[in-house]
Amino acid sequence: MGPIDKTVSRRQFGVGLAAATGVAALATSLPLRRALAATTTLTVVSYGGSYQEAQDKAMFTPFTQANSGIAIQQDSPSSAAKLKAMVEAGQVTWDIVDIDDSFGFDSDAQWLEPIDYTIIDRSQFIEGYAQNYRIGSDIEATVVTYRKDKFGSSVPNSFADFFDTKKFPGKRTIWKYAPGGVYEAALLADGVAPDKLYPIDVERAQKKLDTIKDDLIWWDTGAQSMQLLTSGEATMGLLWVGRALTAAQTAPVGVAWGQWTTQNGWWVVPKGTKNKKAAMEALKSFTSPESQIRFTEYLPYGPTNKLAVDKVAPTYKGNLPTDHLDTRVEVDAKWWNDNLAKVDPVFQEWLLK
């Protein structure tokens, strides 16, 4: 298995069936007269469905409205493999791509244009979210999620609590995907400090997982994770925050922010785009405080621009990852890229024991 595959990511599952029709609708949303008047057309690639619809409302449409000479054509789904193939073939048709944590490192420079920080103000971003070849589009999370009706006044608030079956009895549900946070959660619950997680001690993590193995229900899709909590089949779960908050709308489900793991979205620009300057201007707009604040009206993903953090929309205020940066645990996607081929077979073997 290669680098983390976004086709099984929280965002891809989060958009659900809407992904099948979302892009077609988005592609026709731009008024024809604006498209015809434009002298530059940027092809922006994302993940479709409700996620890309939110980006369109918050970022793409406001940008084209403010820049009559630029039109945006949308494509989906995002794919690092396709981006690489375009660049290697010298046939780059994408200008801006929203990608996951596993791509956009300095080691990927051969496929990417450097972010132009003479156009974008690097100092505006939360530390780590303005990198040489990628710039953060949003901050997402995997959170401890629990049934409020299964516990009294004492509720789980950490990964240690998640593994404590005496204090918090019942079935647990976790994503059956090695880089999905299962090892990090186990090690944190076993007392490993967040800054000492990597390299992952696989043996130690699996020993900790053994302590709750009989209580585990594995999920493969975001929809499954939510169903397990809303039905009450599981009393606790490690869920993507979007799914957790959706579950909370229809069932007595709570979200714990005492400890959580990060996922992120990133904007990158393929090397060889003919519209490099326009792409950078678009990224300046997409990552502006105004655009990122608008985005929080639609989805519970936090802004990467520091100037937006305290001005987010009230829709998900209090349950945005950026409301709880002091308790985040950052997942090292680069480590997983380099080690997944070695760790995943061990994980699969453990599952069968």
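The values are calculated or read from the model by the stated rules, or taken from the named source; none is laboratory data. What you see is a predicted model, and the numbers here were worked out from it, not measured in a lab. Using ideal geometry, Cβ is built from the backbone for each residue, glycine included, and neighbour counts are taken over all protein chains shown. Quick note on the areas: whole protein, heavy atoms, side chains included, nothing else; ligands and nucleic acids left out. Shrake-Rupley method; radii C 1.70, N 1.55, O 1.52, S 1.80 Å.
Observations on the model:
- Filtering Lys148, Lys196, Lys176, Lys166 for residues that are of a type in the set (Lys, Arg) and under 27 Å from Gly318 (Cα atoms) leaves a single hit, Lys148.
- Restricting attention to segment 294-308, the residues that are surrounded by fewer than 19 Cβ atoms within 10 Å (Cβ to Cβ) and assigned to a helix (DSSP H, G or I) add up to 2.
- Residue match in segment 319-330 (condition: within 16 Å of Trp240 (Cα to Cα) and assigned to a strand (DSSP E or B)): yes
- Within segment 42-65, the set of residues being within 16 Å of Lys277 (Cα to Cα) and touching a residue at least 60 places away in the same chain (Cβ under 8 Å) comprises Leu42, Val44, Phe63.
- Any hit, segment 317-328, residues being modelled with pLDDT of 95 or more, small (Gly, Ala, Ser) and surrounded by 17 or more Cβ atoms within 10 Å (Cβ to Cβ): no
- Counting the residues of segment 102-138 that are open to solvent by less than 20 Å² (accessible area, probe 1.4 Å), over 30 Å from Ala160 (Cβ atoms) and not hydrophobic (A, V, I, L, M, F, W, C) gives 4.
- Condition check for Thr61: open to solvent by 30 Å² or more (accessible area, probe 1.4 Å), under 21 Å from Leu299 (Cβ atoms) and β-branched (Val, Ile, Thr): yes
- The residue of segment 205-254 that is surrounded by the fewest Cβ atoms within 10 Å (Cβ to Cβ), among those that are among the β-branched types (Val, Ile, Thr), outside any helix (DSSP H, G or I) and touching a Phe, Trp or Tyr at 6+ places or on another chain (Cβ under 9 Å), is Thr211.
- Selection over segment 255-266 of residues that are among the aromatic types (Phe, Trp, Tyr) and either at pLDDT below 95 or open to solvent by 30 Å² or more (accessible area, probe 1.4 Å) (or both) gives a count of 0.
- Being outside any helix (DSSP H, G or I), of a type outside the set (Gly, Ala, Ser) and open to solvent by 10 Å² or more (accessible area, probe 1.4 Å) is a property that does not hold for Val346.
- The criterion of being of a type in the set (A, V, I, L, M) and under 20 Å from Pro321 (Cβ atoms) holds for Ile139.
- Residue match in segment 139-157 (condition: open to solvent by less than 10 Å² (accessible area, probe 1.4 Å) and of a type in the set (Phe, Trp, Tyr)): no
- Hits in segment 85-108 (condition: without any contact (Cβ under 8 Å) to a residue 60 or more places away in the chain and in contact with a helix residue (DSSP H, G or I) (Cβ under 7 Å, 6 or more places away or on another chain)): Thr93
- Leu351 meets the conditions (1) in contact (Cβ under 8 Å) with a residue 24 or more places away in the chain; (2) closer than 20 Å to Glu127 by Cα in every case but one. The failed one is (2).
- Failed item, numbered, when Glu113 is tested on (1) within 24 Å of the chain's Cα centre (by Cα); (2) within 27 Å of Thr246 (Cβ to Cβ): (2)
- Taken as a whole, segment 269-277 holds at least one residue that is in a helix (DSSP H, G or I) and either touching a strand residue (DSSP E or B) at 6+ places or on another chain (Cβ under 9 Å) or farther than 22 Å from Phe151 by Cβ (or both).
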